[in-house]
């Protein structure tokens, strides 16, 4: 097996969003991730995985009935041989199933027990339902996404589910696994999307503490308040992105956009001029197509890139050269990231249907064909 996590076994209790994203990251980098799916074929209320399901790639699947005592016993058996588990149920659900940390860590003291929730295991909101939009709202992030005078706009579900949630849990899992490798004991990771989102806002919080960031939406350097850090429409109705913050990059923007002689652009950091300068830039960029601006500004120090759709991004020469996207199961998907020069990750295998590997995994646990038939007849497995 390839990847820096080769030799690590993770049991993933199937769910949606950030939990599977964490499982994907661990699997992408070499961990063997065994997903426990529901015996009725559904995963966390969603349809079964198929080969185009990016978040479910790279795992094996065993379908257990966790409402069955024998099904729960099988889950305990799996967790007893694993290095870590990840689960994304509401607080208390795993305890009611008989699969809580006290039970599993008593059986396997080196186990890293990763818990993914929106609000966290404790606090007044802990038992409430929620989604990404709610978590980033409470953490103070959503307020800052949007243009001046407009309502907050959620950035899809990148910040709470994946940045503050799944990626933070993956970091926690690897950190705790390293602690075990260094002689420590297993432990529980309480990964809350509210906490993770607050951490992601650390730089902005720091800027606010220093008095250089306003709570006024769309009025700051990085939130479309500044003319030199924004997107602009081109003549063909497409968009480009500009991030010319530093003086040398701003000077290059002026040069390539033909604005060197316009003295008003000398007022780069004068907030009172930002709106007027943005209007002038908008007029300039509407004068050429996106491809024409690419020919002028790509590979320069403007800090420029075309705004590409998911259909366009895999075809851009930079992404093609780096292999940023790969074909898996007949569809283009993002390649594993980051990259390692000594333990390079292989292209992940496509997602499998729920329960695809049930019998094979049970054989590895010591169950023979007759035992599998008995378990299936008892409703413990799919």
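The values are calculated or read from the model by the stated rules, or taken from the named source; none is laboratory data. What you are looking at is a predicted structure, and each value in this text was computed from that prediction instead of being measured. Using ideal geometry, Cβ is built from the backbone for each residue, glycine included, and neighbour counts are taken over all protein chains shown.
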Options 287, 366, 323, 355: the member that is touching a residue at least 40 places away in the same chain (Cβ under 8 Å) and on the phi > 0 side of the Ramachandran plot: 355
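Yes/no matrix, rows are residues, columns are (1) within 21 Å of residue 9 (Cβ to Cβ); (2) touching a residue at least 12 places away in the same chain (Cβ under 8 Å); (3) in a loop (DSSP other than H, G, I, E, B):
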residue: 63; (1), (2), (3): yes, yes, no
residue: 67; (1), (2), (3): no, no, yes
residue: 71; (1), (2), (3): yes, yes, no
residue: 77; (1), (2), (3): yes, yes, no
residue: 90; (1), (2), (3): no, yes, yes
residue: 94; (1), (2), (3): yes, yes, no
residue: 99; (1), (2), (3): yes, yes, yes
residue: 103; (1), (2), (3): yes, yes, no
Set 158, 207: member being closer than 28 Å to residue 268 by Cβ and surrounded by fewer than 18 Cβ atoms within 10 Å (Cβ to Cβ): 207
Members of segment 260-269 that are surrounded by 15 or more Cβ atoms within 10 Å (Cβ to Cβ) and in a helix (DSSP H, G or I): 265
Filtered residues of segment 105-150 (kept if crowded, with 22+ Cβ neighbours inside 10 Å and not in a helix (DSSP H, G or I)): 111, 112, 113, 114, 115, 116, 117, 118, 119, 139, 141
Filter pass, residue 71 being surrounded by fewer than 18 Cβ atoms within 10 Å (Cβ to Cβ) and assigned by TED's automatic domain parsing to the domain that holds residue 15: no
Sole exception among (1) assigned by TED's automatic domain parsing to the domain that holds residue 164; (2) surrounded by fewer than 22 Cβ atoms within 10 Å (Cβ to Cβ) for residue 83, by number: (2)
